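Reviewing the structure listed below.
The values are calculated or read from the model by the stated rules, or taken from the named source; none is laboratory data. Keep in mind it's a predicted model, so treat the numbers as computed, not measured. No Cβ is skipped: glycine too gets one built from the backbone with ideal geometry, and neighbour counts run over all protein chains shown.
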Amino acid sequence: TVYIVHQGLVETWKDKKRIQVIGRGASIGERCALMAETPSRSARAHGEVQLLRLDQKTFQRIAKRLGLRAAAERTEQLWKHPIFCHLPWTMLLDLALDFQPIKLPVGRLLFEYGKTGHECYMLVSGAVAILDKDLNPLGTLNESGEFFGARSVLFNQPRNAHACIAEDAEIWALPAPALKRFQLVYPGVILHLRAVELLRSGAPPLIRTLDSAP
């Protein structure tokens, strides 16, 4: 069963420790319903609350229509990411729905120097070579979870490097509107990405987001 908070506040607890307090619009039990797991946390009303209840059959029908099951698998990966691990799972599910998984063969040019960027990327598998404007190598991104390509989106500037697939890769693309919406909700995460992108000047060394994860 999944519940949505309509009014009031609900506390979530694990091992006698309060994890978070959630309010209107937040869901309870969504992860367990999608991942077919037993709840590991308890929920307690913080004062008077009103909840909307979705039985399993209704929720699964909605989940299928909205593509929540595939997004839940992406959410699990994001939840293990050092940049996102402190965020609520349901918030990451919302972000995961915006990610667009793409698989690209070796040699494919992902983006070009000087062009306007309309999305940023997270590497899931494979490798991406980053090249300067003269196609000289700056370095290779080959660690799952590495973010790149956000500079153009965050600062409304042309790309300052080329990106080419160095090994067959799976990449998640995040459109600019989704990144900017995420910035309004969790500005701290975007501040970290902005700090990394400011250091990525299109010249060596190649700065990695995972090396400086908060």
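Counting only residues that are under 21 Å from Leu174 (Cβ atoms), give me the strands (runs of 3 or more DSSP E) lying completely in region 1-119 with at least 1 of them.
Correct list: 100-104, 109-111.
Do we find a residue being without any contact (Cβ under 8 Å) to a residue 40 or more places away in the chain and small (Gly, Ala, Ser) anywhere in region 3-14?
no
Quick one: count up the residues across region 193-204 that are modelled with pLDDT of 75 or more and surrounded by fewer than 17 Cβ atoms within 10 Å (Cβ to Cβ).
Count: 4.
Examine region 120-139 for a residue that is in contact (Cβ under 8 Å) with a residue 40 or more places away in the chain, of a type in the set (A, V, I, L, M, F, W, C), over 22 Å from Pro204 (Cα atoms) and crowded, with 18+ Cβ neighbours inside 10 Å, and state whether such a residue exists.
There is at least one residue in region 120-139 that is in contact (Cβ under 8 Å) with a residue 40 or more places away in the chain, of a type in the set (A, V, I, L, M, F, W, C), over 22 Å from Pro204 (Cα atoms) and crowded, with 18+ Cβ neighbours inside 10 Å.
Starting from region 185-209, keep only residues that are closer than 17 Å to Leu141 by Cα, then list their pairs with residues that are of a type in the set (Val, Ile, Thr) and surrounded by fewer than 16 Cβ atoms within 10 Å (Cβ to Cβ) whose Cβ atoms are within a distance under 8 Å, requiring at least 6 positions of separation or different chains.
Pairs that qualify, where the first residue is closer than 17 Å to Leu141 by Cα and the partner is of a type in the set (Val, Ile, Thr) and surrounded by fewer than 16 Cβ atoms within 10 Å (Cβ to Cβ), are Leu206/Thr140.
Kindly indicate whether any position in region 36-43 is polar (S, T, N, Q), surrounded by fewer than 16 Cβ atoms within 10 Å (Cβ to Cβ) and closer than 18 Å to Glu76 by Cβ.
Yes.
State yes or no: is Leu154 hydrophobic (A, V, I, L, M, F, W, C), farther than 22 Å from Phe99 by Cβ and surrounded by 17 or more Cβ atoms within 10 Å (Cβ to Cβ)?
No.
For region 63-93, name all the residues that are among the charged types (D, E, K, R), under 23 Å from Pro187 (Cβ atoms) and surrounded by fewer than 14 Cβ atoms within 10 Å (Cβ to Cβ).
Hit for region 63-93 is Lys80, nothing else.
Find the residue count for region 141-177, including only residues that are in contact with a His (Cβ under 7 Å, 6 or more places away or on another chain), closer than 12 Å to Val124 by Cα and of a type in the set (A, V, I, L, M, F, W, C).
Residues flagged as in contact with a His (Cβ under 7 Å, 6 or more places away or on another chain), closer than 12 Å to Val124 by Cα and of a type in the set (A, V, I, L, M, F, W, C) within region 141-177 amount to 0.
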